[in-house]
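These notes concern the structure reproduced below.
The values are calculated or read from the model by the stated rules, or taken from the named source; none is laboratory data. Owing to the predicted nature of the structure, the values given are computational and were not obtained by experimental measurement. All Cβ positions, even for glycine, are placed from backbone atoms using ideal geometry, and neighbour counts span all protein chains on display.
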Amino acid sequence: MIETKILKINHNDAEKLKEAADIIKNGGVVAIPTETVYGLAASVYDENAVKKIFKAKGRPQDNPLIVHIGEPSQLYEIAVNVPASAEKLVQQFMPGPLTIILPKSERIPDIVTAGLKNVAVRMPLHKTAREFIKYCGVPLAAPSANISGSPSPTSAQHVYDDLNGKIPLIIDGGECTVGVESTVISLVGGIPELLRPGAITVEQLEEALGEISVNPAILEEANSNERVNSPGLLHKHYSPKTKVIAVKGSAEDFVRYVNARKDKSVCALVFEEDKDLLEVPFITYGKKDDYHSQERALFKSLRQIDYLKKDICYAQLPNDEKEGLAVLNRLLRAAQFSIINANNSFIIVGLTGKTGGGKSTVSRILEEKGAAIIDCDKVAREVLSEDNNLLGELSKEFGNSIIKDGVLDRKALASLAFKDKESTERLNLITHPHITKSVYSKLSELKNKGARVAVIDAAALIESKISEICDIIVVTHAPYEERLKRIRERDGLTEKEALLRICAQKDDDFYISKADYLINNFYPNSIEEQLKPLLKRLGL
Ligand code: TXA
Ligand code: MG
């Protein structure tokens, strides 16, 4: 452990700057303010000092560092074959929140660029940073001054929270005015390529350079086998300890989705304008249409989330992929690409098939994976025992023998109603409206409670027209002999009774033709295997 000092230094505090620069000159590291985020700096030419940066941050060795210069002429000291396009960018955006990737000079040790042939160059706008570099007399290699993986630091206190005891000095230059790391653009290939979005936007760069390409890993999870020009894109980033889940959708969708989960250990990261609608603890991060305010607040807010001590934080996303790209990129990474679409987050699955076809097995698996199940047999039983009007209607249709001691005799009703198709239809005509009504009210209850997937398990899904409100229809199927055997065992029926029940249903093709997913539930097929595509679609 070493003692970590925090020292407020202005760009014209010559004495203090000189003192701090001595640490660098003696092979040490110093945390410095910049307009984007705080950096942890060492002399770019001192391999040992640069190693101290990796060690203090716990940074993977394959992630290269940005080299910070104090004046434009230093660019030619660290980069070679500098193209005209780079000079254009230097003129327009430097000093400022932009980093340019160029072919590296041989003077730069491999550890700085993680073995790459190119070097990242940036000239900060922050005056203290630039003055400090001048006092050091050399360009400074500096990544963000956080523990690797945690949100980047936008104040001296953030650096202290992460690196106390590991570095000798933090230069306090106030809160960062930009708040997200610099835009990174590579000029070493053909078309200039955006590797990291920042406050300087794609549109600004296009205006200066013409066409630029955007690295796909900015908004999508990079597969480590894919070619990724910027190794930083592969690493875990910006994550607080609380699990962050990014939520897509309108403000109303977001609020509804989050409030539905208020009984759980959750909090939210939300724009100023929508915070008052929330019924869970929250942290705000800027205003909806003011992207710079979001950038400024984001990392501080990501750090504050942990103070709420919740299991999950739902994060509202910026509603624009242009100016909002930098924030979107950081939030998706903070969420490790856990994204939920709040506007179609409630999916209704209808599960049907002929009796004995294995519906309950499928329903049990879906339930285990987290779906909410509405079992229509159960609903029917509830409705039949609770609804006296229904009982009256049924005895009118099937006679008084279905009532014993004032309550429904289910067996008696079954033997009458399932004896032929026509009787089954008469039963359905009476019961379906009652069952349907109850199913609909259960669905809205589940939706309000925040369920994501509801499965309606119903033999008569299609006949009752409940199928019309389902997003997906799953049909289970098994050969006739197999079904006969199953329902005899399950319901203790004679062969004749079982046969009658099967024949009272529509034939196989009727179900199969309606299926979005057909599950063949008989030996030797694996139900789990067959359910995989469905589970993937449901996000379960
Ligand atoms: O705003 C910023 O850029 C801040 C402040 C301190 O200047 N610095 C910063 O550094 O964000 P860092 O190390 O956290 O991010 C550097 C990223 C790397 O993850 C990598 O994506 C890219 O810049 N990078 C650095 N050198 C590179 C190279 N030679 N080729 C490609 N990408 C490089
Ligand atoms: Mg970083």
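Overview of values
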{"item": "Residue selected from the range 130-169 under the condition within 16 Å of ligand 2 (Cβ to nearest atom) and outside any loop (DSSP other than H, G, I, E, B), by the criterion surrounded by the fewest Cβ atoms within 10 Å (Cβ to Cβ)", "result": "ASP161"}
{"item": "First in the range 178-200 and under 22 Å from LYS104 (Cα atoms), second anywhere and more than 10 Å from ligand 1 (Cβ to nearest atom) and among the hydroxyl-bearing types (Ser, Thr, Tyr), Cβ under 8 Å, 6 or more apart", "result": "THR183/THR201; LEU187/SER85; ILE191/SER213; PRO192/SER85; PRO192/SER213; GLU193/SER213; LEU194/SER213"}
{"item": "From SER526, SER467, residue being small (Gly, Ala, Ser), surrounded by fewer than 19 Cβ atoms within 10 Å (Cβ to Cβ) and touching a Leu at 6+ places or on another chain (Cβ under 6 Å)", "result": "SER467"}
{"item": "Scan of the range 111-129 for residues that are within 11 Å of ligand 1 (Cβ to nearest atom), farther than 17 Å from THR34 by Cβ and part of a helix (DSSP H, G or I), ordered by number", "result": "VAL112, THR113"}
{"item": "Selected residue (only one of ARG452, ARG483 is within 30 Å of PRO524 (Cβ to Cβ) and surrounded by 17 or more Cβ atoms within 10 Å (Cβ to Cβ))", "result": "ARG483"}
{"item": "Evaluation of ILE69 against (1) within 30 Å of TYR238 (Cα to Cα); (2) surrounded by fewer than 19 Cβ atoms within 10 Å (Cβ to Cβ); (3) of a type outside the set (Lys, Arg) (one fails), failing number", "result": "(2)"}
{"item": "Selected residue [closer than 15 Å to GLY350 by Cα and either aliphatic (A, V, I, L, M) or at pLDDT 90 or above (or both)] from ALA458, ALA498", "result": "ALA458"}
{"item": "Unique match (being away from ligand 2 (no atom under 16 Å from the Cβ) and within 29 Å of GLY210 (Cβ to Cβ)) among GLU77, GLU106", "result": "GLU77"}
{"item": "Count of the range 358-396 residues which are of a type outside the set (A, V, I, L, M, F, W, C), part of a helix (DSSP H, G or I) and out of contact with any strand residue (DSSP E or B) (no Cβ under 6 Å at 6 or more places or on another chain)", "result": "15"}
{"item": "Wholly within the range 214-293, strands (runs of 3 or more DSSP E) carrying at least 2 residues that are under 27 Å from GLY149 (Cα atoms) and modelled with pLDDT under 95", "result": "243-248"}
